[in-house]
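Rule-based calculations on the coordinates, nothing more; no lab input. All values reported here derive from a predicted model rather than from experimental measurement. Positions of Cβ are generated from backbone atoms using ideal geometry, with glycine treated the same way; all protein chains shown enter the neighbour counts.
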Amino acid sequence: MAKLAIIYGTGFGNTGIMAKAIEEGARSAGLDVVIKKVDEATQADVENSDAIAIGSPTYKGAGMPTVIKYVESLSKLQIKGKVGAAFGSYGWSGEAAGVISRMLKGYGMDVIEPDLRIKRTPEEEGVEVCRELGKLIAKRFKK
Ligand SMILES: Cc1cc2nc3c(=O)[nH]c(=O)nc-3n(C[C@H](O)[C@H](O)[C@H](O)COP(=O)(O)O)c2cc1C
């Protein structure tokens, strides 16, 4: 079974809601999922996974520093060719998910586009879009 690691930061819980919905969708489509807040995540979470989804809200036109630092730390790993996805809640400009997506592409990952941005708190429709992303990640492992 293919493995997905979902690693995220969240200040007020909105990106956390997205992360849990991505988890739901991925599990329903048969992926083995590890989900962690970035403070608890290790590089092994990524090394042991076939796909990673990284989430951060946008603060002051950027991603959460803890998440960006974590993504920077992945540059030392062999993650070329793994499936990647970026997501995050935002208020008005939403740069974080785009920044993360570009970083993952820079590592040679097979990044799902477009990245997923949801304004403020995801409503039912937004939660469903997140579940769909989880399912889409799973599809990359089906022949
Ligand atoms: C201090 C502060 C700065 C923010 N700066 C931005 C910003 O530059 N661009 C943007 O799109 N949203 C900005 N936001 C809005 C947050 O991205 C939004 O509230 C988001 O839903 C928070 O996600 P979270 O609950 O996962 O932390 C800011 C919010 C706060 C409190």
Just how large is the dipole of the chain about the Cα centre, in debye to the nearest 20, putting +1 at every Lys and Arg Cβ and -1 at every Asp and Glu Cβ?
320
Between V34 and residues 5 or more places away or on another chain, the pairs with built amide H atoms under 5 Å apart involve L4, A5, I6
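Is the chain rounded, prolate or oblate when judged by the Cα gyration tensor, a ≥ b ≥ c being the square roots of its eigenvalues, rounded requiring a/c under 1.5 and prolate requiring a/b larger than b/c?
oblate
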